[in-house]
Amino acid sequence: MSKDEPNWITRFCEASGHEYFCKVRKEFIEDENNLVGLSPIVNYYNEALDLILDIERDELKKEEKEIIQSSAILLYGLIHSRYINTTTGLREMASKYENGDFGTCPRFLCNNALVVPCGRRNRPERDVVKLFCPRCLDLYSPQNSFHEPIDGAFFGTNFAHVFFEAYPQYLNTRNINELYIPKVFGFRINEYSKNGSRAKWLRTFPG
Amino acid sequence: MSETDSEGYKYWVEWFLNTKGNEFFCEIDDEYILDRFNLTGLHAEVAHYQQAFDLITDQLDEDSFDDEQSKILDRSAKHLYGLIHARFIITTRGLIKMVEKYKRGDFGRCPRVYCNQQNLLPVGITDVPNEVSVKLYCCRCEDIYHPKSSRHCSIDGAYFGTSFPHMLLQAYPSLKPPPLTEAQRYVPKIFGFKIHNIANVHRWQDAQRKAQASRLAAYEAENKKN
């Protein structure tokens, strides 16, 4: 690899569809303590780790390289889910959040509130990534189909909430009028009608 | 109009409905458009009303206009079609057509994870044209969302109107999905523990839900007695 070529992590994070990922610091990956328990989950663990850290290996065949590339993505994702819960990781994710890299809430009344990626499972290959909106406290599928196939375990179930505990200033104050009231020709629909509201509780908040 | 001819569509409406980004619109019955009574008041809203009307109904001699003029006319025709559409879809015939589209999922699915891909319905925020673009109503969580595709974000909400989805559900109550349960709400957790503030909100919401359920049950019991 030539000197000017960006390293594996940079290439991975800058690929289109990978906007949600932040760059994990090399020192974090090089510290064995941070990788405890990952080797049984990832095939070709050592080779994948070398690939992420740009340590060259010559003896690989073409097919092997492809397998190792996918292992490296899995390994990087799992390291990423650990890294983003650390202080530096949170800081990096905060700058991505402010940048709007994760997109906005699809709910109209949330007024384009910024969202954060959130998994529903911590084990890989179980569920895809979702987005958590701090305004309506709800979970949405990514609006862009690029982001739909990303594994939710690469962000983990905890990150979104650790993030808002660490940066409470991003929790924008909700206003109570943020409730959609269905109307027919300007008239509200009676609660007792068959078509009356049954999910109002979901979008109302105390106070 | 040259555009229609080049794409091989015989009628303007056919061309319009097959244009990318117009998937939300249904075909308005000819009889509905041709009945002038249904178009009351629209001439004040649409520039070049008569020509736009002729274009929609394929009665316009398009060769007599240059490119610039036909572009303007095209815009007027689309606007007129949209406004007639808003009126048409709340009629019995229109509702039937829209129910078909709804069942096919032409309007997309709810982005909310716990709505389980509920089909959406288009809705306007206001009935005044050129103000707010179209939004999508989910009848499971009873909330409105931005369309997923940017193509649909530029469609005027007034082409569907504020009443349409509610009118449809009023006419077809069987299409309304069963009410959301507690399990269909996202519960944020850190290492398996609920978050204090959010758990408080959820408890409050549960109380609201239970209060409503008992209100509805009491109403039902009252009705049975009578």
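Quick one: what pairs do we get from segment B:105-128, first residue assigned by the TED database to the domain that holds residue B:164, second among the polar types (S, T, N, Q) and part of a helix (DSSP H, G or I), C-beta under 6 Å, 6+ apart or different chains?
Matching pairs, first to second residue: B:114/B:184.
When residue A:139 is evaluated against the numbered criteria (1) within 14 Å of another protein chain (Cβ to nearest Cβ); (2) in a helix (DSSP H, G or I); (3) in contact with a helix residue (DSSP H, G or I) (Cβ under 9 Å, 6 or more places away or on another chain); (4) hydrophobic (A, V, I, L, M, F, W, C), which criterion, by number, is the only one it fails?
Condition not satisfied by residue A:139: (2).
How many residues are under 29 Å from the mean Cα position of the chain (by Cα) and of a type in the set (Phe, Trp, Tyr) if we restrict to segment B:170-226?
Looking only at that region, the number is 2.
Taking only segment A:154-207 into account, find how many residues are surrounded by fewer than 14 Cβ atoms within 10 Å (Cβ to Cβ), part of a loop (DSSP other than H, G, I, E, B) and more than 28 Å from the chain's Cα centre (by Cα).
Residues that pass the stated criteria total 12.
Would you mind finding the one in A:85, A:34 that is in contact (Cβ under 8 Å) with a residue 24 or more places away in the chain, over 30 Å from residue B:137 (Cβ atoms) and within 14 Å of chain B (Cβ to nearest Cβ)?
Just one listed residue meets the conditions, A:85.
Assess whether residue A:184 counts as being within 10 Å of chain B (Cβ to nearest Cβ), among the β-branched types (Val, Ile, Thr) and either within 21 Å of residue A:13 (Cα to Cα) or touching a residue at least 24 places away in the same chain (Cβ under 8 Å) (or both).
no
If you scan segment B:176-196, which residues turn out to be part of a helix (DSSP H, G or I) and more than 9 Å from every other protein chain (Cβ to nearest Cβ)?
B:182, B:183, B:196
Give segment B:47-88 a look and list any residue that's assigned to a loop (DSSP other than H, G, I, E, B) and of a type in the set (Asp, Glu), or say none.
Those that are assigned to a loop (DSSP other than H, G, I, E, B) and of a type in the set (Asp, Glu): B:58, B:61, B:66.
The conditions are (1) in contact (Cβ under 8 Å) with a residue 24 or more places away in the chain; (2) in a loop (DSSP other than H, G, I, E, B); (3) of a type outside the set (Gly, Ala, Ser); (4) surrounded by 12 or more Cβ atoms within 10 Å (Cβ to Cβ), and residue A:56 fails exactly one of them. Which is it?
(4)
Does segment A:106-133 hold any residues that are in contact (Cβ under 8 Å) with a residue 60 or more places away in the chain, more than 10 Å from chain B (Cβ to nearest Cβ) and either touching a His at 6+ places or on another chain (Cβ under 8 Å) or of a type in the set (Asp, Glu) (or both), and which are they?
Result: A:129, single match.
Filter the helices (runs of 4 or more DSSP H) completely within segment B:1-45 down to those with at least 3 residues that are within 20 Å of the chain's Cα centre (by Cα) and at pLDDT below 90.
none
How many residues are buried (at least 18 other Cβ atoms within 10 Å of the Cβ) and in a loop (DSSP other than H, G, I, E, B) when one looks only at segment A:20-43?
5
With facing chain A (nearest Cβ under 9 Å) and in a helix (DSSP H, G or I) as the only criterion, which of B:152, B:202 stands out?
Going through B:152, B:202 in turn, just one is facing chain A (nearest Cβ under 9 Å) and in a helix (DSSP H, G or I): B:202.
Specify the residue that is farthest from the chain's Cα centre (by Cα); the eligible residues are those in segment A:119-153 that are charged (D, E, K, R) and surrounded by 18 or more Cβ atoms within 10 Å (Cβ to Cβ).
Checked segment A:119-153; the qualifying residue farthest from the chain's Cα centre (by Cα) is A:135.
The values are calculated or read from the model by the stated rules, or taken from the named source; none is laboratory data. The structure displayed is predicted, hence computed values, not measured ones. Ideal geometry is used to build each Cβ from the backbone, glycine not excepted, and the neighbour counts take in all protein chains shown.
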